[in-house]
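The values are calculated or read from the model by the stated rules, or taken from the named source; none is laboratory data. Please read these numbers as outputs of a predicted model, since none were measured by experiment. Cβ atoms come from the backbone with ideal geometry, glycine included; neighbour counts cover every protein chain shown. Ligands, DNA and RNA are stripped out before the accessible areas are found, and what is left, the full protein with its side chains, is counted by its heavy atoms. Shrake-Rupley method; radii C 1.70, N 1.55, O 1.52, S 1.80 Å.
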Amino acid sequence: MRVTDIGGSSPLVEVIYNEILRDAFISDELVSCDELRGGLLAGLGVLTAVMDDRGRPLAAAVGEWDPGSRVLLLAYIAVRRERRSEGLGGLLMGEIGGAWQQRYHPEMTLAEIEHPSAHRTDADRGDVLARLRFYERHGARALDLPYFQPSLRPGAERVHGMLLIALAPLPGNGTDGSVDSGPVRAFLTEYFLGCEGAVGTDPASQRLWQAVDRAGGIPLLPLSDPIALPLSRA
C-alpha cells in the first residue's frame, strides 16, 4: 500500500467519489464530484488516498482550505467498507497531521462529524460511536458549539446534530482548553455565505453564532463523554 495525493485532473477523483465517498456520506453531507474536482484544480483542496498495489484506492481524505481564515477543514475521510478496521484511517490521519500541516500551515484544522445522539450507525456509513473514539485516539476535541452543516446546495437540507471538532495539533491555546473564536468565526462566515448565500438569523443560527462569540474563546470538550457534547436542533 502507498499513500499519495490525487490531482484534480486525475480520473481517480471520480473513482474515489463514486466508490468510497458516496457509500460513506448521505447526499446532504456530500458536495458534487464536479465541486470536489473544482476545488482541487483551484488549489483550494487536497485529496489524499491510500492505494493498494494495483493502484486501486482503498481509503481517502478530502481537505478544504480557506485562505482567508487560514482554517483547514477535513471535509471527508472514508474507507471502503470491506477494508475497515485495518488501520487505513490512521494512515490518513498521519498525513492530515503531517503533510497537510506542512503544506498549508493552518491556524487550525477542523472536521465535521455526526453527534452519536442524533445519528444512527448503519452498515454503509459505519459506527457513529466508533468514529468518535477514532478521533479521540488521534487527539481531537470538540468545539463547544451547537453546530450544524449548512445546506450545501439549493434543495439540500442542513444537517443538524453535528460536531465541529479540532484535530491535532490543537491550535494556539487549545491545550489550555479553548481556541480563539476569530478564525472560527471567519471560517464559518465564509462557509455559510458560500453555501447558503447568507449568515442565517433563524434560531439555530443565532444559537451557533452566540456560542462562537462568547468571551474568552470557544471551549474544547473531550470526546470521551458523548452525552456532554453540544447538540444542535432545527
Confirm whether residue 30 is under 13 Å from the mean Cα position of the chain (by Cα), at pLDDT 95 or above and within 27 Å of residue 147 (Cβ to Cβ). yes
Considering only the range 13-46, state which residues are of a type in the set (A, V, I, L, M, F, W, C) and open to solvent by 40 Å² or more (accessible area, probe 1.4 Å). 15, 25, 26, 41, 42, 44
Can you tell me which residue in the range 173-186 is modelled with the lowest pLDDT, limited to those that are open to solvent by 10 Å² or more (accessible area, probe 1.4 Å) and not hydroxyl-bearing (Ser, Thr, Tyr)? 173
Cβ-Cβ distance below 7 Å, separation of 6 or more or different chains: which pairs start in the range 74-87 with a residue that is over 15 Å from residue 46 (Cβ atoms) and end on one that is open to solvent by 50 Å² or more (accessible area, probe 1.4 Å) and acidic (Asp, Glu)? 81/23; 81/124
Residue identified as surrounded by 17 or more Cβ atoms within 10 Å (Cβ to Cβ), more than 15 Å from residue 107 (Cα to Cα), without any contact (Cβ under 8 Å) to a residue 60 or more places away in the chain and touching a Ser or Thr at 6+ places or on another chain (Cβ under 9 Å) among 148, 192: 192
Single match in 70, 83 (criterion: open to solvent by 20 Å² or more (accessible area, probe 1.4 Å) and at pLDDT 95 or above): 70
Any idea which of (1) surrounded by 19 or more Cβ atoms within 10 Å (Cβ to Cβ); (2) at pLDDT 95 or above; (3) not β-branched (Val, Ile, Thr) is the one residue 207 doesn't satisfy? (1)
Options 85, 10, 69: the member that is in a loop (DSSP other than H, G, I, E, B) and either under 26 Å from residue 156 (Cα atoms) or of a type in the set (A, V, I, L, M, F, W, C) (or both): 69
Kindly provide the set of residues from the range 95-132 that are touching a residue at least 12 places away in the same chain (Cβ under 8 Å), of a type in the set (Gly, Ala, Ser) and open to solvent by less than 60 Å² (accessible area, probe 1.4 Å), ordered by number. 97, 99, 111, 118, 126
Any residue in the range 21-31 that is outside any loop (DSSP other than H, G, I, E, B), in contact with a strand residue (DSSP E or B) (Cβ under 7 Å, 6 or more places away or on another chain) and not charged (D, E, K, R)? yes
Candidates 170, 163 - the one that is open to solvent by less than 40 Å² (accessible area, probe 1.4 Å) and either touching a residue at least 24 places away in the same chain (Cβ under 8 Å) or in contact with a Gly (Cβ under 7 Å, 6 or more places away or on another chain) (or both): 163
Inside the range 7-34, can you point out the residues that are over 23 Å from residue 191 (Cβ atoms) and touching a residue at least 24 places away in the same chain (Cβ under 8 Å)? 7, 9, 12, 15, 19, 20, 23
